[in-house]
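Notes for the one structure printed next.
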Amino acid sequence: TQMMFVLTGLTQSAPYAIYVKAVDASNNSSSASNQITAEPILGGLKYNFYTTANAWSVLPNFSTLTPAAQGISANTDITVATQSTNYGFLWQGYIQVPVNGTYIFQTTSDDGSALWFNSVNPSGTPTVNNDGLHGSTAKTSASLTLTAGIYPICIEYFQAGGGANMSVSWASS
């Protein structure tokens, strides 16, 4: 029989060694299961916030930059930015796909953004590429056939000047 359980009170990104023991109604305990090592996932997205003296015209390589701030946000929240121009965000987290189906992902941003589905890091070709200097623009991914489950997601955004907005949406047919 397969069982699922949730551990609470853990520290994000800290490794934990986990094993399971079964206990019957007479309080007899089984031997320990094989041990796994895992890191907990918090609700929301981990973010790194970056600033620059010179405006970007495309998404920079955030891995070469030092974040000005870090935190957790419920979504792609740009209201935590400490300035109105010349900044960027890298959000990393997990998304729960509730049912098997065909999905599309979309970013709407002013200025540039990109989204990587099934990757917690911005590597390879983005699932959604909405990069560059532009007013509020929506870009949608190709259709993805997905199995219900939890998947990593990575989103990048930069703001040069003018208006600023950033959102991610997804839908299933």
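The values are calculated or read from the model by the stated rules, or taken from the named source; none is laboratory data. Just so you know, these numbers come straight off a predicted model, no measurement behind them. Virtual Cβ from ideal backbone geometry, glycine too; neighbours counted across all protein chains shown. Keep in mind that these areas ignore ligands, DNA and RNA; they rest on the heavy atoms of the full protein, side chains included. Shrake-Rupley method; radii C 1.70, N 1.55, O 1.52, S 1.80 Å.
Details
- Selection among Thr64, Gly93, Asn27 by position relative to the dipole of the chain gives Asn27 as farthest towards the positive end (Cβ unit charges, Cα centre).
- The HN-Hα couplings worked out from phi for the stretch 110-117 by the Karplus form 6.51 cos²θ - 1.76 cosθ + 1.60 (θ = phi - 60°) are 9, 9, x, 8, 8, 9, 10, 8 Hz, whole numbers, x standing for Gly and Pro.
- Gained length - Ala32 relative to Asn61, 0.36 nm times residue gap less alpha-carbon distance: 6.0 nm
- Among the protein heavy atoms of the stretch 80-138, carbon and sulfur supply 47% of the accessible surface, probe 1.4 Å, non-protein parts ignored.
- Sorting 86-97, 105-116, 122-133, 60-71 by their mean Cβ neighbour count within 10 Å, with the most densely packed peptide first, gives 105-116, 86-97, 122-133, 60-71.
- Cβ charges +1 (Lys, Arg) and -1 (Asp, Glu), total dipole of the stretch 33-173, debye: 140
- Solvent-accessible area per residue, Å², over the chain with all protein chains present [probe radius 1.4 Å]: 58
- Calculated on C-alpha atoms, the gyration radius of the chain divided by its Kirkwood radius gives an Rg/Rh of 1.09.
- Ranking Ala160, His134, Tyr103 by how far each Cα lies toward the positive end of the dipole of the chain (charges on Cβ) leaves Tyr103 at the top.
- Efficiency of FRET from Cβ geometry, Thr137 and Ala53, R₀ 25 Å, rounded to 0.05: 0.45
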